[in-house]
């Protein structure tokens, strides 16, 4: 059920931001008043699992959400890792205040937020086998066609950054 006053939290690494992420944020936004999009693992970049920096990811997400008409409804924040599951939810709360519900399908996020007493809601998957960051990075590394797996503004940003070449180098 939609709650137009609810402030939703949606957290991800977005390495890279793909069409599954866009689907999820649209779905959450349709049910909420505001969406706090949190880019996690902000301290990690230029490594195989996290090839893009927090600022690069933030620019990609911001451009794509604006293009999708979600720019005013979404706020984009970055968050470093605490690397301690027992402290993770409190770490999120110390940096992100005022949210009513956490939307996630990540099993660890769901477990930790529920344990912390948060209102956790699932998001329907959109072609998970196709739109999954690790798979997209693998395809990019092999030089295969990845462009149709990310939204238009993200594709342009990745091409400008030399994302495919960066992933191969890493």
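Each reported figure results from applying straightforward, stated rules to the coordinates on display, with no laboratory input. What you see is a predicted model, and the numbers here were worked out from it, not measured in a lab. Virtual Cβ from ideal backbone geometry, glycine too; neighbours counted across all protein chains shown.
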Helix 152-161: inclination vs the chain longest Cα principal axis, degrees, rounded to 10, gives 60 degrees
Between residue 26 and residue 82, the FRET efficiency computed from the C-beta separation at R0 = 30 Å comes out, to the nearest 0.05, as 0.55
The chain, Gaussian network, Cα under 10 Å: of 110, 35, 102, the residue fluctuating most is 110
Of all DSSP beta bridges having both residues in region 3-169, the percent classed as antiparallel (nearest 5) is 5 percent
Helix 19-30 sits off the longest principal axis of the Cα atoms of the chain, rounded to the nearest 10 on a 0 to 90 degree scale, by 30 degrees
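Please list 37-44, 86-93 highest first by mean number of surrounding beta-carbon atoms within 10 Å per residue.
Numbers: 37-44: 20.5, 86-93: 15.9.
Result, highest mean first: 37-44, 86-93.
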Rounded to whole Å, √(5λ) for the Cα gyration tensor eigenvalues of region 3-169, largest first, gives 26, 18, 14
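Could you tell me whether region 25-95 comes out rounded, prolate or oblate from its Cα gyration tensor? Rule is a ≥ b ≥ c as square roots of the eigenvalues, rounded for a/c under 1.5, then prolate if a/b exceeds b/c, otherwise oblate.
oblate
If you stretched the chain out fully between residue 49 and residue 75, how much longer would it get, using 0.36 nm times the residue separation minus the C-alpha to C-alpha distance? Provide the component values of the computation, followed by the final result.
Values: separation 26, 0.36 × 26 = 9.36 nm, distance 2.46 nm.
Fully extending the segment from residue 49 to residue 75 adds 6.9 nm.
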Its Cα gyration tensor gives region 86-170 an equivalent ellipsoid whose semi-axes in whole Å, largest first, are 32, 15, 13
The distance between the Cα centres of region 48-64 and region 8-40, in whole Å, is 14 Å
Pseudo-spin-label distance residue 115 to residue 142, built 7 Å along Cα→Cβ, given in nm, is 3.6 nm
In Å, the C-alpha Rg and Dmax of region 1-58 are 12.9, 40
